[in-house]
Amino acid sequence: MKINTRLFRSILAQRIFLLFVVSALVPTAILAFVAYRHVSGELLSQSEGQMHRAVKAESLSVYERLLFLEAELESTMSSIESGRPVGGVDDGAGERIRTLFEALAIISAEGDVSILFGDPQSSPKVRLEQLRHLEQGKTALTTVPGGKNLAVPVMFRLRDPADPGSGLVAGTVATEFLWGVFGEKMVLPGAELCVFDESRRLIYSSFAACSELAPLVVAEASEGVADENTVEVGGERFLAGVRNLFLRPRFMVQDWAFVLCEPETQILAPMRGFQRLFPPVVLSSLWIVLLLSIYTIRRSLVPLDRLAEGTERVAAKDFSTRVEVSSGDEFEDLATAFNDMSDHLRRQFKALATNAAMHRTILSSLDTATIIDTAVAGTVEAMNCDLACIALRAAGDADDLSVSCAARGTTPSGRALTARLSPWDLEMLSPERGSVVLSDDGGASGLRSSLPSCGDPATVVAFPIRLSGRLAAVLCIARYSGPVFSEEELTQARQLADQVELAISNSSLVEELRSLTWGTLEAFARAIDAKSAWTAGHSERVTRISLKIARVMGLPKDDLEVLHRGALLHDVGKLGISMKVLNKPGRLERNELEHVRTHAQIGGRILEPISAFADIMPIVTEHHEKFDGTGYPNGLAGEAIDLKARILAVADTYDAMTSKRPYREGFSHERAVAMVCEESGKQFDPKIIEAFLVVMNEDPRRLQNPPGDSAAADAAGGRA
């Protein structure tokens, strides 16, 4: 099975997987741990009980053997006293004694040793308390150093208890008999036995590390009762049982300590099978958990992953996204809801994008025809309708309408259609109504009857557009088939109608403001020219000639508008010039000429407070500058002079030459043109002269270029 690791990149997938692992493996591990501890504890507890019983049984068995040895030693003494040989080959009793004792000797009061058989290791040292014990006819027991670092038990009695000086009969106990019958251990299988004497010297050991148990015996075996301990010997842990054998009343010797040890590995051997079985069980559980978790993750997170990818695509404005989920659960319902939402968002964003583009076009345009054509085309796309129309009402209170329509897949038809509002339309399109469903009953609605015949409209809704409380236009939308317009769509259409209303209102206001502005400027120009009867109409004529030259030169629309305003007001400074000087019939004196030339600066000061006229200031102040730098008021030259001022200078001079003045008659058209051309490169920009000639050649009269009179041209420009 191939595992798709991509699933685990999800935090939720990681959580589910972790939950499965924790829910399955942790209880299994806890159960295994508890079971292992319980079973091993039970095994150790049972082993402790068995060890307690075994060490007790072994110590009692040794005690019984000591009693048996005591009886045999007493019987042997009787044989010695009766003169019978001890340990003879043919003597059955002697053979038994040799089995029970390794050596037997008689020790006199003077310390002389008479060996009956065997090789005694050393003579026992009799303490005073032992002597008193022996005088009572009892047997004493002690240990003496032996081979292999083991102490050897020695049992002895007085030959004659009534005579302490009669000597002792001492027998070195045979370890084969004492610790096991015919060499067979009487302990737990696998256990090890260690026996310590009263001095805690080893007198028996079944394994080499018994000497390490002496501290345990000293610490734990001082009460004469069994105790169990876990000890570490030679790097291996043992369960140890300790029991003291109480020998003092019988043999006048301190307790012997019996220590029975069994390795924990042997005790817990039954657990090895569990230990071998547990890892495969855990691995199998892990594999099962892995498969189940992957199945669950795939079933739960693949739909979620698809929904997340779909959400990302929707966030990236890919509203054509569809999420296909067939899980048969809530995820499938969620995918269906997501697809519905995506479709709704697609429609909404498409409408918003269309509306935004349409609004930008509508609100950025000041032309009513452009606004209406853009609005009807955008409404068809935004509203997903079959037909959209805007009917513009005629001026005044007339009921005539010019209709612009756009159908699905077509361009606006312009205002070629006409309609007339019926009384029903006027009543229904009252100010209180936001929208009206136009009726087709008996042609009650004249507006509906005028719509293009593209089928039988199932639904036609009209939205009145009002300016200053007056019905100015009507937006109509029609749908030939499909569902009727929803409340949301009607609200959206009403918003479109409001935008059109705002755009038409802005267009009307701007048009009124433009008319007012130009009317004001023209009136101002006429007021300036009216100061002198000789200059009447001068500003308007100069304006027309300047605009023609500028159009020939290809100036943009904005520059043409600035030139238009500047030309009308270029002589505004003459308001500050004396009428006497302006109307003087003869040549001006030098001081009078200087006074007239100040009108450019005066015009600049007059217009300076009006920020809206900042762009025409160079025209007003520089239209008497000369291309060669000899003009006034600042002596500017070449292209340092504003281009529009250079254009105006040519038109102003031409009009001044052809107009009648109090000091001369007007020059002829031909002479004026020739005189202007004569100043090309000196007073005027040659490029502008070329455009000027193009404009002048538009006149039916063809001009020649007779010799000019520069002095006359300059004089004409002085009071132009």
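The values are calculated or read from the model by the stated rules, or taken from the named source; none is laboratory data. Given the structure is predicted, the values throughout are model-derived calculations rather than measurements. With ideal geometry, Cβ positions are generated from the backbone for all residues, glycine too; neighbour counts draw on all protein chains shown.
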Quick one: Val289 ticks every box in (1) in a helix (DSSP H, G or I); (2) surrounded by fewer than 17 Cβ atoms within 10 Å (Cβ to Cβ) bar one, so which box is it? (2)
Please enumerate the residues belonging to segment 499-516 that are closer than 17 Å to Ile390 by Cα and modelled with pLDDT under 75. Ser507, Ser508
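What residue, among those in segment 609-647 that are assigned to a helix (DSSP H, G or I) and charged (D, E, K, R), is nearest to Ile688 (Cα to Cα)?
If we take residues in segment 609-647 being assigned to a helix (DSSP H, G or I) and charged (D, E, K, R), then Arg646 is nearest to Ile688 (Cα to Cα).
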Pick from Val650, Val596: which is touching a Leu at 6+ places or on another chain (Cβ under 9 Å) and either assigned to a helix (DSSP H, G or I) or of a type in the set (S, T, N, Q) (or both)? Val596
Could you list all residues from segment 535-585 that are at pLDDT below 75, part of a helix (DSSP H, G or I) and surrounded by 17 or more Cβ atoms within 10 Å (Cβ to Cβ)? Thr535, Leu582
Can you find, within segment 299-347, the residue that is farthest from Cys385 (Cα to Cα) among those that are among the hydroxyl-bearing types (Ser, Thr, Tyr) and in a helix (DSSP H, G or I)? Ser300
Please determine, by comparing only the residues of segment 105-150 that are among the polar types (S, T, N, Q) and not in a loop (DSSP other than H, G, I, E, B), which one is farthest from the chain's Cα centre (by Cα). Ser114
Take the residues in segment 23-64 that are small (Gly, Ala, Ser) and more than 23 Å from Leu268 (Cβ to Cβ); name whichever of them is surrounded by the fewest Cβ atoms within 10 Å (Cβ to Cβ). Ser23
Those residues of segment 142-154 which are surrounded by fewer than 13 Cβ atoms within 10 Å (Cβ to Cβ) and either more than 21 Å from Ser114 (Cα to Cα) or touching a residue at least 60 places away in the same chain (Cβ under 8 Å) (or both) amount to Gly147, Lys148, Asn149
Report, ordered by the first and then the second residue, all pairs with beta carbons closer than 6 Å, sequence separation of six or more or different chains, a first member in segment 155-174 that is in the same structural domain as Lys138 (by TED's automatic domain parsing) and assigned to a loop (DSSP other than H, G, I, E, B), and a second member that is surrounded by fewer than 16 Cβ atoms within 10 Å (Cβ to Cβ) and among the hydrophobic types (A, V, I, L, M, F, W, C). Gly167/Ala109
Considering only segment 107-115, I want to know if a residue exists there that is buried (at least 17 other Cβ atoms within 10 Å of the Cβ) and touching a helix residue (DSSP H, G or I) at 6+ places or on another chain (Cβ under 8 Å). no
Given the options Gln275, Gln266, name the one that is under 26 Å from Gln46 (Cβ atoms) and modelled with pLDDT under 75. Gln275
Answer yes if at least one residue in segment 302-320 is surrounded by fewer than 12 Cβ atoms within 10 Å (Cβ to Cβ), touching a Lys or Arg at 6+ places or on another chain (Cβ under 9 Å) and over 24 Å from Val34 (Cα atoms), and no otherwise. yes
Counted residues in segment 188-206 being within 23 Å of Thr265 (Cα to Cα) and in a loop (DSSP other than H, G, I, E, B) come to 5
Between a first residue in segment 680-696 that is under 15 Å from Asp642 (Cα atoms) and surrounded by 20 or more Cβ atoms within 10 Å (Cβ to Cβ) and a second residue that is of a type in the set (Val, Ile, Thr) and at pLDDT 90 or above, which pairs have beta carbons less than 6 Å apart while being 6 or more apart in sequence or on different chains? Phe684/Val650; Ile688/Ile647; Ile688/Val650
Of the residues in segment 610-629, how many are surrounded by fewer than 18 Cβ atoms within 10 Å (Cβ to Cβ) and at pLDDT below 85? 3
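The rows are residues; the columns are (1) among the β-branched types (Val, Ile, Thr); (2) modelled with pLDDT under 75; (3) closer than 24 Å to Arg201 by Cβ; (4) in contact with an Asp or Glu (Cβ under 9 Å, 6 or more places away or on another chain).
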{"site": "Ser222", "(1), (2), (3), (4)": "no, yes, yes, yes"}
{"site": "Glu228", "(1), (2), (3), (4)": "no, yes, yes, yes"}
{"site": "Val242", "(1), (2), (3), (4)": "yes, no, yes, yes"}
{"site": "Pro249", "(1), (2), (3), (4)": "no, no, yes, no"}
{"site": "Gln254", "(1), (2), (3), (4)": "no, no, yes, yes"}
Taking only pairs six or more apart or across chains, which ones have beta-carbon atoms under 9 Å, a first residue in segment 123-141 that is among the small types (Gly, Ala, Ser), and a second residue that is surrounded by fewer than 12 Cβ atoms within 10 Å (Cβ to Cβ)? Ser123/Gly111; Gly137/Ala162
Got a sec? Which of Ser199, Ser211 is polar (S, T, N, Q) and at pLDDT below 80? Ser211
